[in-house]
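Some notes on the structure that comes next.
All of the numbers you see were taken from the coordinates with simple rules; none came from a lab. Predicted model only: the values in this text are computed from it and were never measured. Glycine gets a Cβ as well: all are built from the backbone with ideal geometry, and neighbour counts include every protein chain shown.
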Amino acid sequence: NNLALQYILESLTPYGKKHINIPIIPSIGNNDVYPHNSLLWIDHKRPGKNKRNSVLEFYAALWDIFIPHSQMKTFKRGGYFFVEISEKLVIVSLNTMYWFEKNVFVGDCKKKERTAGGVHLTWLEKEVLIPARKSGKKVLLSGHIAPSSPLNFFPKCLKWYTVLTYEYNDVIIGQVYGHNNIDHFFFPLTKKDYSLNIRSSTPVSDYFFLGNDVDPFSTLSFQDTSNEYTIDSVLDNHNNKPHKPCFPDCGAGWIPEYIEFLLRHYKEISKEKTVLKPIFVSPSVVPAFNPALRVFYYNNINTVKDEKKSVDFQILYYDQYFVNLTYWNSLSQSKLESLLGYEKHKRSWRKRTGGDHLFEIEYRSSESFKTSVEIDNPGYWKKFGERLGGASGSENKKQVLELRKMWLHFLTVGLIAEEEKEK
């Protein structure tokens, strides 16, 4: 972790720690802890003297230049914080480990009981979202593990989190995550899963602590979803199918099943009249596939010509960068050993990448996905998902397959062979 921090600082702060001009907002992931996937939670309100969390204390010291001093106590207790990067924009670092189903040290969010996930969600609403709404600010949520399904989050934590994203949709401009290593997007749970009717002056979180006879979702009208598709049912059905996965050699065994789930998800979402902004999952910089980095662009006061015009901080588009491992692995050992001091080889770097950098552009969302409107426009992504799912009716089978091949290429950062895309 110290080495990773060193690399980040060298990349983004070439003039040293005292000259950081780009806000750096890290978040804790499942590979940042030991044992793997496990992060202890210590309730600071419980009786007893030892209330220190050694893991969070470690990261508090490691990231002290990133975490606002006023939030250091909160971070040491929960591993989350937020940064106001302008007068009207707040970025939140969520600790998704406390909602993560594989974290054996915590459980699901519960009513009438303080839990790691529940305390975190209450903080998110009462310390970030409500104040942001009152002051006219926008919020970007960021974290490691995406809230894609109960395979990632505890069921009640996932529903509670999703209720917040619905209730504060006017405040939240986007959600960005990682963890899965693959490049994709999905939508929050829809009203097929539950209908929302609790918008009021009462915070969502208070519905989880109203007394013995009040269920957290008693105000939500659940419909029978026994026949609905879920990622769990898709995986179960897939395992029982006699045919082989769509491309079994594309990587980890779960990927074909997850792709099938996503395509069904897009098709089902197309039936909804309205959807929330999509959740974006970026591919990883670690070489699960080709290493990748993503740069989002949003409008701010510098991109709006009329300074009197209201600035909504909409996400406009993103550029996706990657490292072509096939190319770099073909270099001689001497060149590979000299990568850290690549000044000697600027000519060869320029010849391959058009610049001095290891990363090169893979695609621009505004071009490849033709996002002529803001990228956070849910209607566009709903339509794009509809096309991927083959439910648009405006394209023939061949056009749908070509679109899916492009999507699959980007999803694994260019590492699916053409013959596997065909499958």
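Residue ranges 291-298, 272-279 sort as 291-298, 272-279 when ordered by packing (mean number of other C-beta atoms within 10 Å per residue, highest first). Residues TYR177, TYR166, TYR34 in ascending order of nearby Cβ atoms (within 10 Å, fewest first): TYR34, TYR166, TYR177. The order of ASP170, ASP183, going from fewest to most other C-beta atoms within 10 Å of their C-beta, is ASP170, ASP183. In this simple spin-label model, placing a label point 7 Å from the Cα along the Cα-to-Cβ direction at both ASN299 and SER86 gives a separation of 1.1 nm.
At an R0 of 25 angstrom, the distance between the Cβ atoms of SER332 and GLU360 translates into a FRET efficiency of 0.80.
Placing dummy labels 7 Å off each Cα toward the beta-carbon, the span from ASP64 to ASN2 is 1.4 nm.
Along the axis of the charge dipole computed for segment 1-157 (Cβ charges of +1 for Lys and Arg, -1 for Asp and Glu, origin at the Cα centre), the listed residues SER93, GLN6, TYR34 are led at the positive end by SER93. For the residue pairs LYS267/LYS383; LYS138/LYS382; LYS76/LYS156; LYS267/LYS397; LYS45/LYS73, alpha carbon separations beyond 18 Å are given by LYS138/LYS382; LYS76/LYS156. This ranking places ASP206, ASP32 by how few other beta-carbon atoms lie within 10 Å of each, fewest first, which gives ASP206, ASP32.
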